[in-house]
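As structure tokens, the structure follows; a few thoughts come after it.
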There are 4 protein chains.
Amino acid sequence: MGSFKGHALPGTFFIIMGIWWTIKCILKYACKKHKRTSYLGSKALFQRIEIFEGIVIIGMAITGMLGEQFITGGPHLALYDYKEGQWVELLSWHHFTMYFFFGLLGVANVLCFIINSLPTSLTKLMLSNALFVEAFVMYNHTHGREMLDIFVHQLLVLAVFVAGLIAFLELFIRTNITVELLRTSCILLQGSWFWQIGFVLYPPSGGPAWDAMDHDNIMFLTICFCWHYALNLIIIGMIYAFVSFMRRVQLRIKANYFDWSP
Amino acid sequence: MGSFKGHALPGTFFIIMGIWWTIKCILKYACKKHKRTSYLGSKALFQRIEIFEGIVIIGMAITGMLGEQFITGGPHLALYDYKEGQWVELLSWHHFTMYFFFGLLGVANVLCFIINSLPTSLTKLMLSNALFVEAFVMYNHTHGREMLDIFVHQLLVLAVFVAGLIAFLELFIRTNITVELLRTSCILLQGSWFWQIGFVLYPPSGGPAWDAMDHDNIMFLTICFCWHYALNLIIIGMIYAFVSFMRRVQLRIKANYFDWSP
Amino acid sequence: MGSFKGHALPGTFFIIMGIWWTIKCILKYACKKHKRTSYLGSKALFQRIEIFEGIVIIGMAITGMLGEQFITGGPHLALYDYKEGQWVELLSWHHFTMYFFFGLLGVANVLCFIINSLPTSLTKLMLSNALFVEAFVMYNHTHGREMLDIFVHQLLVLAVFVAGLIAFLELFIRTNITVELLRTSCILLQGSWFWQIGFVLYPPSGGPAWDAMDHDNIMFLTICFCWHYALNLIIIGMIYAFVSFMRRVQLRIKANYFDWSP
Amino acid sequence: MGSFKGHALPGTFFIIMGIWWTIKCILKYACKKHKRTSYLGSKALFQRIEIFEGIVIIGMAITGMLGEQFITGGPHLALYDYKEGQWVELLSWHHFTMYFFFGLLGVANVLCFIINSLPTSLTKLMLSNALFVEAFVMYNHTHGREMLDIFVHQLLVLAVFVAGLIAFLELFIRTNITVELLRTSCILLQGSWFWQIGFVLYPPSGGPAWDAMDHDNIMFLTICFCWHYALNLIIIGMIYAFVSFMRRVQLRIKANYFDWSP
């Protein structure tokens, strides 16, 4: 993962999931408000969507796990090199572990909507678990690196931890749309911050990395993190406006249809 | 912002907003208790007040943002000086970012009460976001400064963080007046502490700043912070008494009116 | 306060209040369970008790404040010595501030049960405020002291902070007896730990203080803190048993009385 | 406890309790869902089980306490050696204290289901107390040891603290099965991590302990902790599947029985 691509890949995954969860959450809220217009089959439809979502997450996790293991220089499933007497590529195993827990989330997602007797809050639990594990591993990930490197990863840990905390709180208290959108905004923030880390530490233009000892770089990345967040809030606002607009168009078409029907 | 005025301006903003929110909160509580005496149009009135409040907040935020950018020695919207190869006036950009998030709060306030389909908890969310961002930026704001400077800013971060935390908790649990007053007391504390910071670091009398290396100054500022809080609690108590008194007078006048009416 | 007496006084106050709150809380729980046997006037009685409690707390706070100010070597209400150019006895002012906030708690207690329109949760709020302020001041209280001194005060801060946190959580969520007893156990722990600090730092026997640099002393005080807590839990259990027993006796006497009455 | 056995013993206790609580929690959930099939005496049965559970916990605690005291090299109930002028075997007293609080949990468990007037949340309270005390003592347990030793104990503290936090939150909010399973997963994690500590610090094969100064060992133990957790989640999933399967078999047998009965 010590490359631009290694940071862009999880970044892209999180951005996709963040946008998708935002859309799903807004759609559910809109459907709840206009109950009368919901299709008969909408519950079955949502169930199928959830299962599909689970499969996509599993796919992403497996992509990540295989990529970490079998990339050039990866550990190729070897954990301990008995000849050399040392651990093999522990950082790749770190990333492998994080992907694995997101894989568990996908499995829980699929199981939860296939087997009815399972409590639906299981998905939330596995999401918060996956995020907490990610935060925990990331926190213990940068021993002995340089100041800038540690700082950008700490900000990542902050975003991941807050997302996990909100998912954890949702276990206890009945959810409302604001809290869910707050969570997806943290997921989006995490995704876009992964890209930012890639640009800072491994500039794709081939230029040198940023000066890791310059205090001003840290001062700038502090507000850069906030701007990412502001941007993500604005994107969520635009998605909200767009979904609401589409919903209204759909309702109007349907209303017209009923007007025409005898 | 590295001046007395730069600290007095946000301090004044927060004191005004703190007092206003205190009054609004107590009025709402009083209205709820005496439901029968509420005017028919009171809901529409409150809505108009909220929109006005949002516009005032936006105004304050824009004042702050422009002030930070175009003051003498400000960055004038330049972020990176390519000739010198360094960032331009990052501290001003820090303050700019904080004001910007309060601007978003104002926008959310206006949108929330114009568009009915938006959840009303959005305002709370944006308030807690703005406060958390402020705490986060403040926390990363004082790298390499002196002990006293760091300490007074840490106390500010404490007040801001607690206010943000309470606003965040209000998202989850139905509010009651005590919790809301606790939040406004933290906002007031923040405002009066901004003034205190101005007096400590940039004495307006033109005298020298306090000795930044004297432990006794830190010991004193610790209790000074508590006294600010006690003072704010007493001010809130006086506002409460005054509003309750005015309310009772108003009810008596109305009662007399109804007695006179046939 | 830098003496055995200065730690025994607040310790005694907290032990008295802790035991009293425990009894009140258990009595309320018992009364709630056997509603039919509650006196008609019990609500008025409880109100009078609350007011009396408030007055006692105010009395304790004033005792503490005057003691801190006018003891030999105290600041005698002088804050800054302009001749010497230094602060006067800041540690005494620290203690003064803590007592003052408990005085505010007493005032709130009295006001709350005299004026009906005030929300009853105000008492809880002021209690959590007083405890948080105490924890905050204690935390900034031991700059430049020795290891053992800092450690015993940190444990005190822990007990105070947990008590404040529980009082704060009670603001949000409807209370139950277990949580209230947990809070009183923390208050009791604080009281008995004050005594322990007195014995450790200022042995009343006149012997030398404990060796502040011995790691073993810290190891011992760690478990000593837990034993204090265990002891307090057992005391609360005994109070519970005693109150329940007295209650049952009272009910039996009353039942007999009704049997005898025609 | 400074041996492999001293870590294996509490590890085994926690694994047994973790598995048992998992089974109990799933059974209760299954019983609640199929209310009609519950035996008339099931409540009395559960009560007897709880009392038995309490007695087992007391037994475990006493085993641990006696083992710590009377093992070769233990303190044999002596706390202070007046001849040498030093504390006796404080680490054993630390472990003794932790076992003692779990003993209190057992006592509360028994009392709660014998005496009806006690609130049932008392058990939860004592559980969270026992776990918090364990985390607190563990945290202050490793002064002056080596990096690896401190790190593995810190991870233990993390698991214990999270378990305690969840038990504490359950005091406030009505429980659901997901949260309870999360708690038992933390208890299981604690148990299996005790074994891991034993293997790392006191290899039973008699070989040398791991290199305490190798950063790679810490990097590995970070993910090893996550793998323990993943394994425990999978074990809980398997228990869930097994219990659900047995439940279904039982229901089918009963249904057949009713078919046969005239």
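Averaged over all directions, how much area does the convex hull of the C-alpha atoms of the stretch A:27-162 cover when projected, in nm²?
Directional mean of the projected Cα hull area for the stretch A:27-162 stands at 11.5 nm².
Put in order of Cβ neighbour count within 10 Å, fewest first, the listed residues C:K43, D:K28 become C:K43, D:K28.
Among B:G191, B:G85, B:G54, the largest mean-square fluctuation in a Gaussian network model of chain B, built with springs joining Cα atoms closer than 10 Å, belongs to B:G85.
A quarter of the convex hull surface defined by the alpha-carbon atoms of chain C gives 17.7 nm² as the mean projection.
Of B:I173, C:I223, the sequence from fewest to most neighbouring Cβ atoms within 10 angstrom is B:I173, C:I223.
Distance between the modelled labels on B:I173 and B:A209, one decimal in nanometres: 4.0 nm (7 Å Cα→Cβ projection). Calculated mean residue ellipticity at 222 nm for chain B: -27500 deg cm²/dmol, from DSSP H runs with n ≥ 4 weighted as -39500 (n - 2.57), summed, divided by the residue count and rounded to 500. Each of A:H7, A:H215 was scored by other Cβ atoms within 10 Å of its Cβ. Arranged with the fewest first, they read A:H215, A:H7.
Let me know the volume per residue of the alpha-carbon convex hull for the stretch C:156-246, in Å³. Could you put the intermediate results ahead of the total?
Numbers: hull volume 10.0 nm³, N = 91.
Considering the Cα atoms of the stretch C:156-246, their hull volume per residue is 110 Å³.
Given R0 = 45 Å, the distance between the Cβ atoms of A:L251 and A:L111 translates into a calculated FRET efficiency of 0.80. Principal-axis analysis of the Cα atoms of chain B puts helix B:4-33 at an angle of about 20° to the longest axis. From the Cα gyration tensor of the protein assembly as shown, with a ≥ b ≥ c the square roots of its eigenvalues, which class applies: rounded if a/c is under 1.5, or else prolate if a/b is larger than b/c, or else oblate? Note, shape of the protein assembly as shown comes out rounded. Length gained on full extension, C:F199 to C:I55, computed as 0.36 nm times the residue gap minus the Cα-Cα distance: 48.8 nm.
Spin-label model, A:F46 to A:A78: label points 7 Å out along the Cα-to-beta-carbon direction sit 5.1 nm apart. Applying 1/(1 + (r/R0)^6) with r as the Cβ-Cβ distance of A:H143 and A:I234 and R0 = 51 angstrom yields a FRET efficiency of 0.90.
Values quoted throughout were computed directly from the atomic coordinates according to the rules given, and no laboratory measurement underlies them. Bear in mind that the values here come from a model prediction, so they are computed numbers and not experimental data. Note that each Cβ is placed from the backbone with ideal geometry, even for glycine, and that neighbours are counted across all protein chains shown.
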